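Scroll down for the structure; my scribbles are underneath it.
The values are calculated or read from the model by the stated rules, or taken from the named source; none is laboratory data. Bear in mind the structure is a predicted one, so any value in this text is a computation, not a measurement. A quick note on method: Cβ atoms are made from the backbone with ideal geometry, for glycine too, and the neighbour counts reach across all protein chains shown. Side chains are part of the model used for accessible areas, which takes the heavy atoms of the whole protein and leaves out ligands, DNA and RNA. Shrake-Rupley method; radii C 1.70, N 1.55, O 1.52, S 1.80 Å.
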Amino acid sequence: MTLGSGINKFPQLVHDSILSHLARVLVEQGFSPVREAKISPDSEVRLDLFETKTRTAFEFKLKKTPSMDNQLEVIRKLEGVNSAIGATLDDFKKDHFRSIFKVFGFGDLDLTKDDFFISGKDAFELYDTYGFPIDLTRLLAEEQGLTVDEAGFNAALAEQKTRSRADAAKVVGDWTVLSDEDSVFIGYDHLSAHGAKITKYRTVTVKDKPQYHVVLDRTPFYGESGGQAGDSGTLRVGGQPIPVLDTVKENDLTVHIVEQLPQQPEAEVYAEVDADKRQATSQNHTAAHLLHAALREVLGDHAVQKGQDLGPEKLRFDFAHFDRPTEEELKSIELLVNAKIRQNIPLVERRDVPIAEARNSGAMMLFGEKYGDAVRIITFEPGFSTELCGGTHVPYTGELGLFKITSESSLAAGIRRIEAVTAAGAQAYVDERLATLAEIRDLLKGSSDPLRAVASLQDENRALKKEIEKLQAAQAGNVKGDLEQAFAVVNGVNFLAAKVPLTDAAAIKNLAFQLTGETENSLVLLGSEADGKALLTLAIAKDLADQGKYNASTMIRELAKHIQGGGGGQPFFATAGGKNPAGLDAALAAARTLVEG
């Protein structure tokens, strides 16, 4: 593959971003010769040399590899790098950049609706959630004929900074120490503990609201870590029930977050975990291990975990992969996980395993993860899923009942995200969709074949749209004659600004192009209304646009203010939509003022 042919078409900002992501993604995928070549996200290396430097590293490794089988493995990895580079470029140009518009419904623009600009809130979410700088959003918006509310973006950014400062206003008090005993976690084996003791507690004030942190000498509560949510439940201190809102890890301490301190801190504690919440969370954590193994089996060894968020009602799993998995691949992954569930595989757990022994055992170890001297190994079927893990799990995979993927998406270049549900969550997911299907059947008058019935309705809808387009085109032809007589010379320009009784954006566009194509040195602005929304269509004849004095994209943004909307386009053609049809006359008048100069 050759990088140079396509990459030069990218703006420099995108070019630099791709280089950074290529290096990070390839290193994270475990292509060791890439690390040996010292290619990193901070490397100041031209993108067109990236592949050459990577290939050189692999060729050097190939010369040092005597075994034919091992040489084939090196060649396979080199092919993987080439594929990875190409896929990452494609991910940037197609999947990643195009998807940001689909995130907010901008994928298929309907010019009769108020979708001509990206709000400041949405632009900020792209930045805050998906990591897109405002410069990239602006660039891509312009390519789509959209504008960005940068003032709104800046306001949202300032608001976030204000929130961050408020969140930072957290006052953590000193520990009140009752004893120096270590805190021991017994939650792998027990969901309750009798006769526990409070060893220390403190007050933490967040936004002027006090909370209290309590540490026990032994606890069944799991503290949030490794992507698994912390437990909640109850502490009964001397008979006084105190709800545990959440549990977190702080260094080697398990910290219970409560809203009140016990009246007798020295009294014995009965600690009890919310068993239902723990069970649901453990089900999702076990499912994450099965999913991880299935991803690697179906997609390849490179599909390793890059993050997870596991709780009683959620399973979110991020993994390395260059392409969007096909529907067939996702189906295979889901079927494989459910097959392992039905096999009711028992949990095999090994605790306090020396890290060297764990490394030699072949257990899954994540690149860049920090491990202690002794680790815990979780296995569900040797040869299928063996990982180092400190989280909680169910004793048998059968307790998951059902695993269902609910969504798959792109998180970053080379990083995908799967969201799924298990057990009761999966049952609710299936029930909801069956109920929706039943409602669709009712709407289709009880059709025994809803797919065919919906397809028939779609065909009928397309036919009706074509008829409407024909009628609109005919109506545009009738309108055209009147408009041709309405041109006026304004500041040396053949100017026309008028409202038209059309609702189809394509028909209005064609009409505008016909008018400017047949009239030299012309500027045409057409206003229309559909479904309570306003549409402005501005076209400039090529000979006039080439002079550079008038720019349709620039003018339409100014005119869109009168209809309380936004828009954009190209120097010779632009459109704008707004929610105020009453402002169309003002917009048409304002266009004349702009031409008059």
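The figures follow:
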| quantity | calculated |
| --- | --- |
| Test: residue in segment 529-548 that is surrounded by fewer than 20 Cβ atoms within 10 Å (Cβ to Cβ), out of contact with any Lys or Arg (no Cβ under 7 Å at 6 or more places or on another chain) and closer than 14 Å to A497 by Cβ | no |
| Members of segment 327-340 found to be within 14 Å of H292 (Cα to Cα) and either more than 29 Å from the chain's Cα centre (by Cα) or hydrophobic (A, V, I, L, M, F, W, C) (or both), listed by number | L330, I333, L335, L336, V337 |
| Pair list, Cβ < 8 Å and 6+ apart or interchain, from segment 349-368 residues that are more than 24 Å from A303 (Cβ to Cβ) and among the aliphatic types (A, V, I, L, M) to residues that are open to solvent by less than 100 Å² (accessible area, probe 1.4 Å) and at pLDDT 85 or above | V353/S361; V353/A374; V353/V375; V353/R376; V353/I377; I355/A374; I355/V375 |
| Matching option when the condition is closer than 29 Å to K549 by Cα, out of contact with any Phe, Trp or Tyr (no Cβ under 8 Å at 6 or more places or on another chain) and surrounded by fewer than 12 Cβ atoms within 10 Å (Cβ to Cβ), among Q485, Q514, Q458 | Q485 |
| Qualifying residue in segment 422-432 (condition: modelled with pLDDT of 85 or more, in a helix (DSSP H, G or I), surrounded by 10 or more Cβ atoms within 10 Å (Cβ to Cβ) and at positive phi) | yes |
| Inter-residue pairs, beta-carbon under 6 Å, first assigned to a strand (DSSP E or B) and in segment 225-241, second among the hydroxyl-bearing types (S, T, Y), 6+ apart | R236/Y270; P241/T234 |
| Filter result for K509 (assigned to a helix (DSSP H, G or I), within 13 Å of L584 (Cβ to Cβ), of a type outside the set (V, I, T) and open to solvent by 50 Å² or more (accessible area, probe 1.4 Å)) | no |
| Identity of the residue in segment 189-199, in contact with a strand residue (DSSP E or B) (Cβ under 9 Å, 6 or more places away or on another chain) and in a loop (DSSP other than H, G, I, E, B), that ends up surrounded by the fewest Cβ atoms within 10 Å (Cβ to Cβ) | H190 |
| Any hit, segment 263-279, residues being buried (at least 20 other Cβ atoms within 10 Å of the Cβ), within 28 Å of P220 (Cα to Cα) and under 28 Å from the mean Cα position of the chain (by Cα) | yes |
| Sole exception among (1) farther than 23 Å from K465 by Cα; (2) touching a His at 6+ places or on another chain (Cβ under 9 Å); (3) of a type in the set (A, V, I, L, M, F, W, C); (4) assigned to a strand (DSSP E or B) for A534, by number | (1) |
| Odd one out for G383 among (1) in contact with a helix residue (DSSP H, G or I) (Cβ under 9 Å, 6 or more places away or on another chain); (2) in a loop (DSSP other than H, G, I, E, B) | (1) |
| Test: V454 is of a type in the set (A, V, I, L, M, F, W, C) and part of a strand (DSSP E or B) | no |
| Members of segment 546-563 that are among the hydroxyl-bearing types (S, T, Y) and not in a loop (DSSP other than H, G, I, E, B) | S553, T554 |
| Failed condition for S448, given (1) over 30 Å from F403 (Cα atoms); (2) loosely packed, with under 10 Cβ neighbours inside 10 Å | (1) |
| Among the candidates Y212, Y201, residue that is within 38 Å of the chain's Cα centre (by Cα) and touching a residue at least 40 places away in the same chain (Cβ under 8 Å) | Y212 |
| Count of residues meeting criterion [open to solvent by 60 Å² or more (accessible area, probe 1.4 Å) and touching a Phe, Trp or Tyr at 6+ places or on another chain (Cβ under 6 Å)] in segment 313-362 | 2 |
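Residue-wise test of (1) in contact with a Ser or Thr (Cβ under 6 Å, 6 or more places away or on another chain); (2) modelled with pLDDT under 95; (3) surrounded by 13 or more Cβ atoms within 10 Å (Cβ to Cβ).
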site	(1), (2), (3)
G187	no, no, yes
Y201	yes, no, yes
K207	no, yes, no
V215	yes, no, yes
G230	yes, no, yes
